[in-house]
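Colleague: So that we are looking at the same thing, I have put the structure below in structure tokens.
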Amino acid sequence: MSSSPQSSNTCSRCTVRERAICQALCEVDLDRLNRLGRRQTLERGQTLQWQGDDSLLVGNVIDGVLKLSSASVDGRDQTLGIMFASDFIGRPFGQKTDHSIVALTDAQVCTFPRSAFDEFARDHPDLEHRLLERTLIELDRTRQWMMLLGRKSATERVSAFLLDMADRLGEPAGGDRPLRFTLPFGRQEIADLLGLTIETVSRQITRLREDGVIDTPDRRGVVVLDREALEACAGVG
């Protein structure tokens, strides 16, 4: 993992500024926060923070995909959620972290010392409010994820996963152009995330393609041809 201090204008050039919690700050306050931060590069498979460690850093995902996971007492790994560009990571206002943060792809994150960020947030109510909003959104996503893994069939899991990827990564549909996106990782990683085998994931994707619900123009490209049908397969809508 490599890291470097923020330059004086890093925030003004940040690609996720308008979607991250920093959006709530004026230019002067943004510059103050910028001076606290560091830009870090993670390689695929690298762990940014381990479950049970002291909560030393928080930050924004700038690029790439990370997962939150928790290990059971017998060593099994349970995925708690997936984080994308502009998502907030880490445990502010807490001494310990209850999950690990692992890079599923090569990624870039903008991190801040947790104690310094906590102090800064206390002095900026708008930032605290945005942080609370994000926390509640992530709580809802975690609940949905646990429902996905615990109660849904293989068809529902894969369909719900594709819907989530479409909403987070998809290029907006328009006119005769359907919504499309590129999966950031392969089918083995999808299988691991969903608690399925790679063969099951492949069968479900093939079935959705043959039913005209999606198209897969290449190994990672997905085109949503019939969103209502995909929602029905996911057990939502």
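Values in this text are rule-based calculations from the coordinates and carry no lab data. Predicted, not measured: the structure shown is a model, and the values here were computed from it. Positions of Cβ are backbone-derived with ideal geometry, glycine not excepted, and every protein chain shown enters the neighbour counts.
Colleague: Compute the whole-percent fraction of alpha carbon pairs in region 152-234 spaced more than 21 Å apart. Kindly include the intermediate steps, with their values, before the conclusion.
Modeller: On the way: 606 of 3403 pairs.
Summing the P(r) tail past 21 Å for region 152-234 gives 18 percent.
Colleague: Please list the three semi-axes, largest first and in whole Å, of the ellipsoid equivalent to the chain, using sqrt of 5 times the eigenvalues of its alpha carbon gyration tensor. Intermediate results must be reported in sequence, preceding the final value.
Modeller: On the way: eigenvalues 219, 85, 51 Å².
Each semi-axis is √(5λ); the values are 33, 21, 16 Å.
Colleague: Can you give the longest run of the chain that contains no trypsin sites (Lys or Arg not before Pro) sitting in a DSSP loop with at most 15 other Cβ atoms inside 10 Å? The partial results should precede the final answer.
Modeller: Numbers: sites that count: ARG19, ARG44, ARG76, ARG219, ARG220.
By the stated rule (loop sites, at most 15 other Cβ atoms within 10 Å), 77-218.
Colleague: Right, another one. Using the reciprocal of the averaged 1/r over all distinct C-alpha pairs, how large is the Kirkwood radius of region 68-194 in Å?
Modeller: On the way: mean 1/r = 0.0593 Å⁻¹.
Mean inverse Cα-Cα distance, inverted, gives 16.8 Å.
Colleague: Any idea what angle helix 198-210 forms with the longest principal axis of the chain, computed on alpha-carbon atoms, 0 to 90 degrees, nearest 10?
Modeller: Taking the Cα atoms of the chain, the angle to 198-210 is about 60 degrees.
Colleague: Give me a comma-separated list of calculated 3J(HN,Hα) values for region 224-232, in order, Karplus coefficients 6.51, -1.76, 1.60 applied at θ = phi - 60°, integers in Hz, x for any Gly or Pro.
Modeller: Each residue of region 224-232 in turn: 8, 8, 9, 5, 4, 5, 5, 5, 5 Hz.
Colleague: Using 0.36 nm per residue of separation minus the Cα-Cα distance, give me the extension gain between GLU119 and ARG209 in nm, one decimal.
Modeller: In short, 27.3 nm is gained.
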